[in-house]
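What follows is a short report on a single structure.
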Amino acid sequence: MSHFHRILRVVEVLSSAATAGVSVIVGLALLVVSSARGDEPGRAVGIDPEIVGTWELSVNGGRWVLEVSPRGTYEFHSEAADGAAPSSGRFSANAGKWSLQATNGYTDGGPYYILPPDTFVATGRLGTGYWRHPVNAAPLDQNGQRLYRLLVTEPPGADIWSMAGTALIKATGSTSPPVGQAVVTYELEPLVTGLPTNVMLRIFPTTAAAAAYVDSTQLFANYLTDLPAGVTTNGHIDPIEPFDHPALYASTIQSKEQRGWVRWAYQEGRVVILATTGEAKPRVYDNDSISDDMFRKGLKLLQIGEIWLKQKAVQ
């Protein structure tokens, strides 16, 4: 089967899978800073999507920061001089009632409401908290938030990832209101044991912001920033299915560690798709390159990300 026909097969499978998808909007969390344990309060059912995002609460001359995922999880940390420990766990909310369970077993619950325009008011064991989005926050618009929720809650299925020789471990998401971004990460079974493989979709507030991210001359703020240290080569390929403009790549050789990495990047409007994977390279030197096989596998992951994005963008 030719390379082009293999890509058409990916398109066919993804299109079929997308028509059977069901939109599931989830995602609300509330912090736990107490280490106390107790009987679990009445559990709320369902999720209020208005709580998805980043919130802050002024405390002791600093702030508490709460990051809420649309998958019904949260992460909390303190930037105040109060010694509050980081916390994470699960949360559900509906019809003005919330409940949670932290990973340490602590549970809490109570009433909540949204105080217009941007205050999340929640009452629990620790009293009532008035959470607000960070100052100068630039949250994603409604379309961006909707796309974010779809990509996190409806990742490609096992049959799709198998076409790239891998499988989904988990899908996670995070938002950064101060810069108006959201990130969806599909963590995948490594193509080589011990070397992470993933597909990431970064949603920006504008097309111009996405374009700046794929600009390799923007030091410390682009798709190359977190690649492992080594000898890196940049390049691009001419458009092929499903891309309508060149896809970028960066390959890195680590001769001391005897391995190589490749990261692909493609901008689709306000979204940048990244595909990263690695391979063991015995007897490799700094001026060597990654294998053609790894190059093609990374490209296939990028193609899956692009096709899946297009399917979700029109739902």
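The values are calculated or read from the model by the stated rules, or taken from the named source; none is laboratory data. None of the values given here were measured: they were computed from a predicted structure. Cβ coordinates were reconstructed from backbone atoms using ideal geometry, including for glycine residues, and neighbour counts include every protein chain displayed.
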Looking only at the range 80-98, count how many residues are modelled with pLDDT under 80, of a type in the set (A, V, I, L, M, F, W, C) and not in a loop (DSSP other than H, G, I, E, B). 2
Give the residues of the range 267-304 that are hydroxyl-bearing (Ser, Thr, Tyr) and in contact with a Gly (Cβ under 8 Å, 6 or more places away or on another chain), sorted by residue number. Thr276, Thr277, Ser289, Ser291
Is the range 188-210 home to any residue that is within 23 Å of Lys281 (Cβ to Cβ), among the aromatic types (Phe, Trp, Tyr), assigned by TED's automatic domain parsing to the domain that holds Lys256 and surrounded by 15 or more Cβ atoms within 10 Å (Cβ to Cβ)? no
Positions within the range 157-212 being touching a residue at least 60 places away in the same chain (Cβ under 8 Å) and among the acidic types (Asp, Glu), in sequence order: Asp159
Checking the condition more than 21 Å from Gly62 (Cα to Cα), at pLDDT 85 or above and in a strand (DSSP E or B), which residue from Tyr112, Tyr130 passes? Tyr112
Tally of residues being under 22 Å from Arg296 (Cα atoms) and not hydrophobic (A, V, I, L, M, F, W, C) across the range 156-201: 16
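State which residue is nearest to Leu147 (Cα to Cα) when the search covers only the range 238-291 and only residues that are without any contact (Cβ under 8 Å) to a residue 40 or more places away in the chain and among the β-branched types (Val, Ile, Thr). Walk me through it before giving the result.
Taking the range 238-291 first, the residues without any contact (Cβ under 8 Å) to a residue 40 or more places away in the chain are 238-239, 244-246, 248, 250, 252-258, 260, 262, 264, 281-285, 288, 290-291.
Keeping just the survivors that are among the β-branched types (Val, Ile, Thr) gives 252-253, 262, 284, 290.
On the way: Thr252: 32, Ile253: 35, Val262: 27, Val284: 41, Ile290: 34 Å.
Only one residue fits best here, namely Val262.
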